[in-house]
Amino acid sequence: MTIDSPDSDTATLGTADLDAAALDAAALDAAALDAAALDAAALDAAALDAAAADETASAGSPALLADESFAVPADEAALERAVTALRANGFIVRVVDTVADARALLAELLPRDREIFTASSQTLELSGITADIDESGEFVSVRAKAGPPTPDDLWATIRLGATPEVVVGSVHAVTENGQLLVASASGSQFAPYASGAKLAYWVVGAQKIMPDVETGLRRLHTYSLPREHQRLQERYNQGSVIGRILILEREVFPERGTVILVREAIGY
C-alpha cells in the first residue's frame, strides 16, 4: 500500500502555479515587447511624417543661403568663349567693362520712336536702366504709358509686355556654348524674349557666364532663386519659385537679339 505524502498534492499544485506564473510572465513580456515594437514603429512613422513634411515644405522653397560661387565674374577666357559662341548662334554681342558703360551703350542703341518694354530685372533696376527708359521721358515706355499695374488683374500685367516692339531685360545664365537661360515664376517676360518683340536687348553681368546648360540650371536654382526669394521676403513678405525656364538656343532673325556682356557683376 502506498501512502501519499501529505505534501505531495501541495507540491504538485505549487509547480503548476509556478508554470502558470511563468507563462503569464512570458505573455506579459511578449505584450511589452509588442507594445515597445508598436511604440518604435509609431516613432519611426512620426519621424518619416516629419521628414516628409520638411521635404514638402522645402520642395517649393529655395535654400536659405545662395551659392555664392555663382557670384564671381568669369575670367576673360570664358567670356571670350561665350562671345564667340553667342555670335555663332546669331546674337549680336557687345562687351563693356562696367555697368556704367553698359548703361551708356544701351542709351545709344535704343530707338526713340519705338515702344520699349522693360522686363522685371534687378540688373536693370540696379544699373539705373529701368529708370532711364521708364521715367526719363526720353523713350516711348510701355510701362509709363500703361501706368501703375492693376493689383487685381494679374493677367493684364502679364499681357502688358507680350508683344512690344523692343524689349530690354537680362538673363540668369549665359553658357560658353552661346545659350541664354532665364527663370521666372509666371513667365511674363518669355513672350517678348522668345519672339514677341522685334528687337531684344539683354544686359548681363559676367558672373552669369557658365560652362554649359547643366551648370546654368544649377545657378538658377541655387543662386538666382534664393536671392530673389530673399528680396521678395524683405520687400513684400512673400517668397518666390521657379515656375518656368526659357532657354534661347539661337537667334534666327538677323539683327534681332543683342547681348551686352559686362565684365563686372550686376544683378543675379
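Starting from the amide H of V140, placed 1.01 Å from N in the peptide plane, find each other amide H under 5 Å away whose residue is 5 or more places distant or on another chain.
The list, which skips near neighbours in sequence, is R114, I116.
Express the carbon and sulfur contribution to the solvent-accessible surface of the range 123-263 as a percent, rounded to the nearest whole number, probe 1.4 angstrom.
Working: 3320 of 6520 Å².
Reported share for carbon and sulfur atoms: 51 percent.
Report the far tail of the P(r) of the range 136-268, meaning the percent of Cα-Cα pairs longer than 25 Å. Walk me through the intermediate numbers first.
Numbers: 2525 of 8778 pairs.
Beyond 25 Å sits 29 percent of the P(r) for the range 136-268.
With unit charges on the beta carbon (Lys/Arg positive, Asp/Glu negative), name the residue among T215, L225, T258 whose Cα is farthest towards the positive pole of the charge dipole of the range 175-268.
The residue sitting farthest along the positive end of the dipole is L225.
Starting from the Cα-Cα distance between A78 and R112, subtract it from 0.36 nm times their residue separation and give me the gain in nm to one decimal. Can you show the working numbers first?
On the way: separation 34, 0.36 × 34 = 12.24 nm, distance 3.42 nm.
Answer, rounded to one decimal: 8.8 nm.
Over the range 158-268, give the accessible area per residue in Å² for a 1.4 Å probe, as an integer. Display every interim value, and only then the final one.
Working: 4530 Å² over 111 residues.
Using a 1.4 Å probe on heavy atoms only, each residue of the range 158-268 averages 41 Å².
Translational diffusion coefficient, Stokes-Einstein: compute it for the range 62-206 using the Kirkwood radius over C-alpha pairs as Rh, at 37 °C and 0.692 mPa s, and state it as an integer in µm² s⁻¹. Mind dumping the intermediate values first?
Working: Rh = 16.3 Å.
In µm²/s, the coefficient is 201.
Taking the dipole about the Cα centre of the range 167-268, with the C-beta of Lys and Arg at +1 and of Asp and Glu at -1, give me whichever of Q238, G267, G205 is farthest to the positive side.
Ranked along the dipole, the leading option is Q238.
Might you report the magnitude of the Cβ-based charge dipole of the range 179-268 about its Cα centre, with Lys and Arg at +1 and Asp and Glu at -1, to the nearest 20 debye?
Details: 11 positive and 8 negative charges, 32 e Å.
So the dipole magnitude of the range 179-268 works out to roughly 160 debye.
To the nearest 20 debye, what charge dipole does the range 117-268 have about its Cα centre, counting +1 at the Cβ of each Lys and Arg and -1 at the Cβ of each Asp and Glu? Intermediate results must be reported in sequence, preceding the final value.
On the way: 14 positive and 17 negative charges, 52 e Å.
Approximately 260 debye in magnitude.
If we sort 69-75, 152-158, 200-206, 127-133 on the protection proxy, mean other Cβ atoms within 10 Å, highest first, what's the order?
The packing order, highest mean first, is 200-206, 127-133, 69-75, 152-158.
Hey, what's the per residue convex hull volume over the C-alpha atoms of the range 112-170, in cubic angstrom? Before the final figure, lay out each step's value.
Working: hull volume 4.7 nm³, N = 59.
It comes to 80 Å³ per residue, whole-number rounded.
The values are calculated or read from the model by the stated rules, or taken from the named source; none is laboratory data. In this text, all values refer to a predicted model and were calculated from it rather than measured experimentally. Every residue, glycine as well, gets a Cβ built from its backbone with ideal geometry; the counts of neighbours run over all protein chains shown. Surface accessibility is based on the protein's heavy atoms, side chains included, excluding ligands, DNA and RNA. Shrake-Rupley method; radii C 1.70, N 1.55, O 1.52, S 1.80 Å.
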